[in-house]
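Here the structure comes first, spelled out in structure tokens, and everything after it is commentary.
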Amino acid sequence: DAKTTQPPSMDCAEGRAANLPCNHSTISGNEYVYWYRQIHSQGPQYIIHGLKNNETNEMASLIITEDRKSSTLILPHATLRDTAVYYCIVSLPGYSTLTFGKGTMLLVSP
Amino acid sequence: AAGVIQSPRHLIKEKRETATLKCYPIPRHDTVYWYQQGPGQDPQFLISFYEKMQSDKGSIPDRFSAQQFSDYHSELNMSSLELGDSALYFCASSLGWVAVGTDTQYFGPGTRLTVL
């Protein structure tokens, strides 16, 4: 059973912020939210992860709701190179399996 | 920064042949994972190794086997290849779980296997 739900596709104009939502209503207390992306046929690329606090790194920001049932990945200034499939994955720390769902295909246009 | 290295990048085999895919993890990483991604599908976990021991197993066919060597590189051996084995095979590595975040998996560029 899918542990996360994401919209199948989203569009974003170049230079604008891309906000990618993810629902994970059955997340358990010690599961983390990880985000990866895959540019066509390349290896998945780690973006960011978090437990309950908002996180930011050089690539993106992760906003997790207080009840932890959903989160949003924010790419502050999307570029054409950000066009990819974005995967939201919930996982226990130290648990080896990453279960990829369908992800969101983000298309960034000029 | 050094990344995960996979070889070969492309491989073409006939049905019923064997194939060996190799993965060289990021230096100091002790955990290796293998994933399979069929055409139009999402990556699926196959198997993982921590400190040369199998740590987890997913939907890996019995025709496939894998191991991790003393230098932490890993090999995925595939026998009696079938048309349905045509896919991208990704290797990922991590430091293993010392603290949250150290087990983040970093993926290689993949090996594209085509079975004719």
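Derivation of every value follows stated rules applied to the coordinates shown; laboratory data play no part. Since the structure is predicted, the reported quantities are computational estimates derived from the model, not experimental observations. Cβ placement follows ideal geometry from the backbone for every residue including glycine, while neighbour counts extend to all protein chains displayed.
At a threshold of 8 angstrom on Cα-Cα distance, excluding pairs fewer than six apart, so keeping six or more, what relative contact order does chain B reach in percent?
36
List the relative contact order of chain A as a percent without decimals, with contacts defined as Cα pairs under 8 Å and 6+ residues apart.
Working: 267 pairs, mean separation 40.5, N = 110.
That works out to 37 percent.
Can you give the longest run of chain A that contains no GluC sites (Glu not before Pro) sitting in a DSSP loop with at most 12 other Cβ atoms inside 10 Å?
Maximal segment without exposed cleavage sites: A:1-57.
Please work out the Kirkwood hydrodynamic radius for chain A, using every pair of different C-alpha atoms, and report it in angstroms with one decimal place. Let's see the in-between values first.
On the way: mean 1/r = 0.0719 Å⁻¹.
Taking every pair of different Cα atoms in chain A, averaging 1/r and inverting gives 13.9 Å.
Based on the Cβ-Cβ distance from A:ILE63 to B:ASN77, what FRET efficiency comes out when R0 is 41 Å, to the nearest 0.05?
With R0 = 41 Å, the Cβ-Cβ based efficiency is 0.40.
Segment B:51-116 to segment A:59-110: how many Å between their Cα centroids?
One Cα centre to the other: 23 Å.
Given the options A:PRO93, A:PRO44, A:PRO76, which has the most mean-square fluctuation in a GNM of chain A, springs set between C-alpha atoms less than 10 angstrom apart?
Among A:PRO93, A:PRO44, A:PRO76, the largest GNM mean-square fluctuation belongs to A:PRO93.
Using Cα pairs under 8 angstrom and six or more residues apart, how large is the relative contact order of segment B:30-76, in percent?
Over segment B:30-76, the number comes to 31 percent.
Calculate the FRET efficiency for B:ARG63 and A:GLN42 from the Cβ-Cβ distance with a Förster distance of 25 Å, rounded to the nearest 0.05.
0.40
Roughly how many debye, to the nearest 20, is the charge dipole of segment B:1-91 about its Cα centre, given +1 on each Lys and Arg Cβ, -1 on each Asp and Glu Cβ, and no other charges? Intermediate results must be reported in sequence, preceding the final value.
Values: 9 positive and 11 negative charges, 32 e Å.
Rounded to the nearest 20 debye, it is 160 debye.
Compute the length gained on full extension between A:ILE74 and A:ASN53: take 0.36 nm times their separation in residues and subtract their Cα-Cα distance, giving the result in nm to one decimal.
Difference between extended and current length: 6.1 nm.
Express the C-alpha Rg of the protein assembly as shown as a ratio against the empirical globular expectation 2.2 N^0.38 Å, rounded to two decimals.
With N residues counted in the protein assembly as shown, Rg over 2.2 N^0.38 Å equals 1.02.
Per residue, how big is the convex hull of chain B when only Cα atoms are used? Give it in Å³.
It comes to 99 Å³ per residue, whole-number rounded.
From the gyration tensor of the Cα coordinates in segment A:52-104, what semi-axes in whole Å does the equivalent ellipsoid have, largest first, with each one equal to sqrt(5λ)?
One finds semi-axes of 20, 16, 11 Å for segment A:52-104.
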